[in-house]
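Novice: Supplied in structure tokens, the structure appears directly below.
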Amino acid sequence: MKHAMPLTDFLSELSRAVENGTFVKLLLSHPTSNADDLKSVEIRPILVKRDLKLSFTYHHKTRDIVKNSTPTEGAALVGRMLGKSFTLARLLMQEADVHLSFQGQTATLTRHPATQTQAPSLTHDRPKNRTLTNTHQGYLQALGLTDAQGHVLKTAQDKFRQIDKYIEILDGLIRALPANTAETGPLRIADMGSGKGYLTFALYDHIANTLHRPVEVIGVETRPDMVALCNRIAQDNGMENLHFVQGSIADFDASGTHVVIALHACDTATDDALAKAVRANAALIVVAPCCQKQIRREMEAPHNTKLPPHALTFFLKYGTYVERMAEMLTDGLRAQILEICGYTTNVFAFVSDAHTPKNVMIVATLPTRPKKPEDIAALKAALATTKSQFGISIHYLETLLKL
Ligand SMILES: C[S@@+](CC[C@H](N)C(=O)[O-])C[C@H]1O[C@@H](n2cnc3c(N)ncnc32)[C@H](O)[C@@H]1O
């Protein structure tokens, strides 16, 4: 059949986006006579009792019917409907939109800029459920987030929302990782620059007590007071596979680590964490960078005044745009360097900027098939072009990875 390949590619794209947590919505439209009175189908990801499902809303002429299925069954179902009952499918992902259209037996796959870049909401259409449902936990109180009755303190609402959102995102990403085996041992996670450990504790609790997965979590932190406090809270709460070590990220031995996390690790500490993750061949990397100073310094270096003008030169005379551009470039180049190292990346705002301006998250996962050398070469060329346009001689992450 002529459209076998585009359809297969489209379904792989769907499965990959569901796995990576970037799938926002899939719309099937332009019904054929096989669809009877079915007008269209809308599919989106939801969490049902913490399990990721695909929710299918079948829009009939006079009524809507909603049915949920597992991601695998759901993708198979979409495959059966496409080209038979519907001739247009629009897959909305955070990184891009992909359309599959049929004309007779010919299927065409096209890629478009993303129309929905926000992280998908995984809840039903009722007020948002929390992922961290059990707030009667000693560690939450010890960290100053809840009171003795398990109520989230007024002063901790933003922090709690951020932690909850973070666990919601990590939940899907961790579930998508291969199961533990005798060979791999428990899931080993390093949280680089763990600070007071808000996210470290919540993640450990979620994986150990909700996902019931064998896990070892290590928080790496320079401040001895934070390390001592966190180790005491972990001990008091019987979290025996959660430990905090004092030291710098650059000196931490990350070999054998499956997941590397760094949230708001300042400036180039994020690069130290990324380099450790790449060297450990970590299956999952999640960072939310902050204080992107290195690239700003490069952008403002004297040699930049001699650069030939480019489309964005005009903006660079305004300090606020320089700052935003430095942030975008720092993190965009980080994502691109990770792509060059073989990862598939996604960059998105993980909480609203009403709660924190440090809300950009980079997620990197190792694809099942290694990238082709020609694709890596193209990524390297694009990286060089971007850097030269902005007068950036080197990104600190490149130095660390000796690219
Ligand atoms: C802004 S706090 C974030 C803490 C925590 N990750 C969170 O999101 O709640 C950054 C923490 O990283 C630590 N840090 C910064 N650079 C570090 C480095 N190179 N090695 C280890 N810890 C570092 C700081 O001491 C600080 O506690």
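The values are calculated or read from the model by the stated rules, or taken from the named source; none is laboratory data. Quantities reported herein were computed from a predicted structural model and do not represent experimental measurements. Positions of Cβ are backbone-derived with ideal geometry, glycine not excepted, and every protein chain shown enters the neighbour counts. These area figures cover heavy atoms from the full protein model, side chains too; ligands, DNA and RNA do not enter into them. Shrake-Rupley method; radii C 1.70, N 1.55, O 1.52, S 1.80 Å.
Novice: Just a yes or no: is a residue in region 177-192 farther than 26 Å from Ala280 by Cβ, in a loop (DSSP other than H, G, I, E, B), open to solvent by less than 40 Å² (accessible area, probe 1.4 Å) and not aromatic (Phe, Trp, Tyr)?
Specialist: no
Novice: Out of everything in region 245-286 that is within 22 Å of Asp164 (Cβ to Cβ), of a type outside the set (Val, Ile, Thr) and within 12 Å of the ligand (Cβ to nearest atom), what residue ends up being surrounded by the fewest Cβ atoms within 10 Å (Cβ to Cβ)?
Specialist: His264
Novice: Let me ask another. Are any of the residues in region 15-37 open to solvent by 20 Å² or more (accessible area, probe 1.4 Å), in contact with a strand residue (DSSP E or B) (Cβ under 6 Å, 6 or more places away or on another chain), farther than 29 Å from Val363 by Cβ and at pLDDT below 90?
Specialist: Checked against the condition, which is being open to solvent by 20 Å² or more (accessible area, probe 1.4 Å), in contact with a strand residue (DSSP E or B) (Cβ under 6 Å, 6 or more places away or on another chain), farther than 29 Å from Val363 by Cβ and at pLDDT below 90, region 15-37 yields at least one hit.
Novice: Right, next: Mind listing whichever residues of region 68-112 are closer than 20 Å to Asn34 by Cα, part of a strand (DSSP E or B) and basic (Lys, Arg)? Let's see the steps before the verdict.
Specialist: To start, the set of residues in region 68-112 that are closer than 20 Å to Asn34 by Cα comprises 74-90, 100-107.
Next, from what is left, pick out any that are part of a strand (DSSP E or B): 82, 86-90, 100-103, 106-107.
Matches in region 68-112: Arg90 only.
Novice: Looking only at residues that are under 26 Å from Leu47 (Cα atoms) and open to solvent by 30 Å² or more (accessible area, probe 1.4 Å) in region 202-243, which one is farthest from the ligand (Cβ to nearest atom)?
Specialist: His212
Novice: Would region 26-34 turn up any residue that is part of a loop (DSSP other than H, G, I, E, B) and in contact (Cβ under 8 Å) with a residue 60 or more places away in the chain?
Specialist: Checked region 26-34: no residue is part of a loop (DSSP other than H, G, I, E, B) and in contact (Cβ under 8 Å) with a residue 60 or more places away in the chain.
Novice: May I pose another question? How many of the residues in region 169-201 are within 16 Å of the ligand (Cβ to nearest atom) and farther than 25 Å from Ala269 by Cβ?
Specialist: Residues meeting the conditions: 0.
Novice: Thr330 - would you say it is touching a helix residue (DSSP H, G or I) at 6+ places or on another chain (Cβ under 7 Å), closer than 25 Å to Thr365 by Cβ and away from the ligand (no atom under 16 Å from the Cβ)?
Specialist: Details: touching a helix residue (DSSP H, G or I) at 6+ places or on another chain (Cβ under 7 Å): yes; closer than 25 Å to Thr365 by Cβ: yes; away from the ligand (no atom under 16 Å from the Cβ): no.
No, not satisfied.
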